Amino acid sequence: MRSLAKNPDVNGRWFHSENVVCQNYGELYCKIHKDGEYYEACKRYLSIVGESGRKPLGAFMLIGLFGVLLLEAWGFSYTMSGFIDLSASENTRVIMTWIVAIAFAVILAFLTHLMGHEIYQNDILGRIRNNWKVDDPETRPKTLDAIEEDFEIENFSDENKPTYKRRLDRLDINSPKKKHTFSASAVIAIVIIGMIITYVRVKTLEIAQTQDTMCIAGDEMGGSASVNLDDLYSTTPLPPAEAQKISRDAREKGESEICRATKEGSWATFGMLAILFLVLQAFATWVSYKFGFVGKHSKTAWVSTHKYKTKAQYENAMDNAAKNIAQRAQKTLSNLQSRMARALSGETMNSSVDMLINSASSRTFLDYVEEETEQSMASRNRRTQTMQDRDREHIKIKSSPLQNSETPFSDEEIELQLLQEVKGQELSDEEVERQLIAEAQKKVETSEEQRVRILEKLKEEGKL
């Protein structure tokens, strides 16, 4: 505000600084200040795209889904962290686990989101192509490859086209062909990650069983494994050899059954974790499939309408919001005008600056908005009028006898014809009707007839 207040530049009946402030607030004001027609246009746009009942993927749902994937990734990252640095302490291992888990969660969330969005987009494209195939071949578009202009929310100039073509033109795509890039990439990544996780868990089990003395084979332990040091100094006679053998066989059998049960239970756990991993990825993909938009302006239309059940509610809410913005803009503008009056009064020799400072109360924010609206409408009307005049001139030239007749005209005849066309707008209906009848009754001379007539004229004059 201090820098703007020192700028004495004038732009018409406004200071440049006033234009800057009004323009900044005017963008938000025009965005908010919508009528009930815009509400209905948003509803209609969502209906054309086929996304009337959809919602965007909210922040809370996105954070919750990422948290679930992070916890899942932390579980197998803790197992993998032991192989990253075999000499790492427990604290270091926990830090590495969090780093790896966050990396895995980000990758999986990104891939599953893109895969779900791509599946939803392919589903819509498939329905569009099916509707196109069953449509009448004589009236349907020749191909679906041509995607026309970007239809804004309030642009319904294609009402005469089939519904599937209108939907296709409003999708946020570059080509109407189905794509499976992200889906294939996500499936490959999920399968590779799942296989690596299972492999690491199996190796961890093997290490644990190798370090467990109960799971070491009897022949590897040798006879010393069953020797009790107390027996060396005991005076009690040893049991018979047959009894020792039976006891040793029973102990080895029990130990092998424990090791085998541990191994089988671990494998079952690995399988359950693999299923849980795949289910979580499928759930993340389903969430991305059910939420989000594929229309270019569907999210804007949803934001403008989802809070309001009726047109009246929307109009009341927008009016209140626009009033708040206008009040804040006017307060800022008045503050700027007061600062400019203190900073520029008597500082410049320009009379226009003093005049604008003295008439500051006559320039309000709503006046600026009204002027901008009138200028925008005038510019739009000029463009429309120019296009209409160009089309009429093109039609007039194509239908003019000067273009359709094979008879060459002299410069005088062309000038007369053009003058008649220009003045024809001032003629009455009866005069125009008489001219049309006279032109219809007039015989048109072909080029060959004109050559014969001129040849006879030259012979009569003795020139030939």
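Just so it is clear, none of the values below were taken in a lab; they were calculated from the coordinates. Worth saying up front: this structure is predicted, and the values here are computed from it rather than measured. Here the Cβ is made from the backbone with ideal geometry for all residues, glycine too, and neighbour counts use every protein chain on show.
Some values worked out for this structure:
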quantity: Fewest-first ranking of LEU280, LEU62, using other Cβ atoms within 10 Å as the exposure measure; calculated: LEU62, LEU280
quantity: Set of the stretch 61-81 residues, backbone N closer than 19 Å to the point 7 Å along the Cα-Cβ line of TRP98; calculated: 64, 66-81
quantity: Most to least packed among 376-383, 42-49 [average Cβ atoms within 10 Å]; calculated: 42-49, 376-383
quantity: Other-chain or far-sequence residues with amide H under 5 Å of LEU57's (modelled H); calculated: GLY292
quantity: Summed residue charge, Cβ within 13 Å of ASN381's Cβ, Lys/Arg positive, Asp/Glu negative; calculated: +1
quantity: Integer Hz, Karplus 6.51/-1.76/1.60 couplings in order for the stretch 180-185, x for Gly and Pro; calculated: 10, 5, 5, 5, 5, 5
quantity: Vicinal HN-Hα couplings computed from phi for the stretch 105-112 (Karplus, 6.51 cos²θ - 1.76 cosθ + 1.60; Hz; Gly/Pro x); calculated: 5, 5, 4, 5, 5, 5, 5, 5
quantity: Amide H partners (placed H, <5 Å) of GLY295, local residues excluded; calculated: ASP172
